[in-house]
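Chemist: Encoded as structure tokens, here's the structure I'll be asking about.
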Amino acid sequence: MNTRGKVFKYPDNVDTDVIIPARYLNTPDAKELALHCMEDIDKDFVKNVQKGDIMVAGWNFGCGSSREHAPLVIKTCGTGCVIAKSFARIFYRNAINIGLPILECPDAAEEISADDEVNVDFDTGEITDITTGKTYKAQPFPPFIQNIIRCGGLLASLKEQNEND
């Protein structure tokens, strides 16, 4: 599995209220929520993001509340993955649960620039900045987590597993 796209770059400590402002959480519709993804830090994100594009961020991405809406709107916008120096633990787990690929790689997060084109191979953890030609190595997910992401989330993977049993 892999994704390839343009980079949107963000700083340290991007919290869940920045990813999806609480004022919009009055709807259960992920597509409607996604229209407001990152708007308080990057008002043009939703206008410019294309399927497969990649968020790159600093330390502690997804800190703040434990709401699952944050990784859900990132995924619903079409973002192929998030690479960060580190993730808040609850965001990390929520991202896996909804099938949003995320990778911790401090060197890549530091050196990759906004608008670079990047390819991520989830099986190997290899991150290639096509713009600069530099390659980075993140820890790939174990096969069971790769399966959760491939299926589109934990519930979908459990459903597939039950159908195959």
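The values are calculated or read from the model by the stated rules, or taken from the named source; none is laboratory data. From a predicted model like this one, the values you see are computed outputs, not experimental measurements. As a convention, Cβ positions derive from the backbone with ideal geometry for all residues, glycine included, and neighbour counts pool all protein chains shown. Just so you know, the surface numbers come from the protein's heavy atoms only, side chains and all, with ligands and any DNA or RNA stripped out. Shrake-Rupley method; radii C 1.70, N 1.55, O 1.52, S 1.80 Å.
Chemist: For segment 97-144, what is Rg from Cα atoms divided by 2.2 N^0.38 Å, rounded to two decimals?
Modeler: Against the empirical 2.2 N^0.38 Å value, I get 1.16 for segment 97-144.
Chemist: Provide the percentage of antiparallel DSSP beta bridges, counting only those with both residues in the chain; round to the nearest 5.
Modeler: 50
Chemist: Express the carbon and sulfur contribution to the solvent-accessible surface of the chain as a percent, rounded to the nearest whole number, probe 1.4 angstrom.
Modeler: 50
Chemist: For Glu68 and Asp29, FRET efficiency with R0 = 22 Å and r from the beta-carbon atoms, rounded to 0.05?
Modeler: The pair Asp29/Glu68 has a calculated efficiency of 0.95.
Chemist: Beyond 18 Å between alpha-carbons counts as too far, so tell me which of Lys9/Lys75; Lys31/Lys75; Lys6/Lys51; Lys51/Lys134; Lys51/Lys85; Lys75/Lys159 fall in that bin.
Modeler: Checking Cα-Cα distances, Lys51/Lys134; Lys51/Lys85; Lys75/Lys159 exceed 18 Å.
Chemist: Past the 15 angstrom mark, what percentage of all C-alpha to C-alpha distances in segment 59-155 do you count?
Modeler: Counting every Cα pair in segment 59-155, those more than 15 Å apart make up 60 percent.
Chemist: Full-extension gain between Ser113 and Ile145, please, as 0.36 nm times their residue separation minus the C-alpha to C-alpha distance.
Modeler: 8.7 nm
Chemist: Could you report the accessible area of Ile145 in Å², rounded to 10, computed with a 1.4 Å probe on the protein chains as they sit in the structure?
Modeler: 20
Chemist: Another one. If you roll a 1.4 Å probe over the heavy atoms of the protein chains, what accessible area per residue do you get for segment 1-147, in Å²?
Modeler: 46
Chemist: Next up: If you place +1 on the Cβ of every Lys and Arg, -1 on the Cβ of every Asp and Glu, and leave all else neutral, what size is the dipole of segment 1-119 about its Cα centre, to the nearest 20 Debye?
Modeler: Charge dipole, segment 1-119, about its Cα centre: 420 debye, nearest 20.
Chemist: Sequence gap at least 6, Cα distance under 8 Å: using those rules, report the relative contact order of the chain to the nearest whole percent.
Modeler: Relative contact order, the chain: 23 percent.
Chemist: Further question: Expressed in whole Å with the largest first, what are the equivalent ellipsoid semi-axes of segment 1-128 derived from the C-alpha gyration tensor as the square root of 5 times each eigenvalue?
Modeler: One finds semi-axes of 21, 15, 14 Å for segment 1-128.
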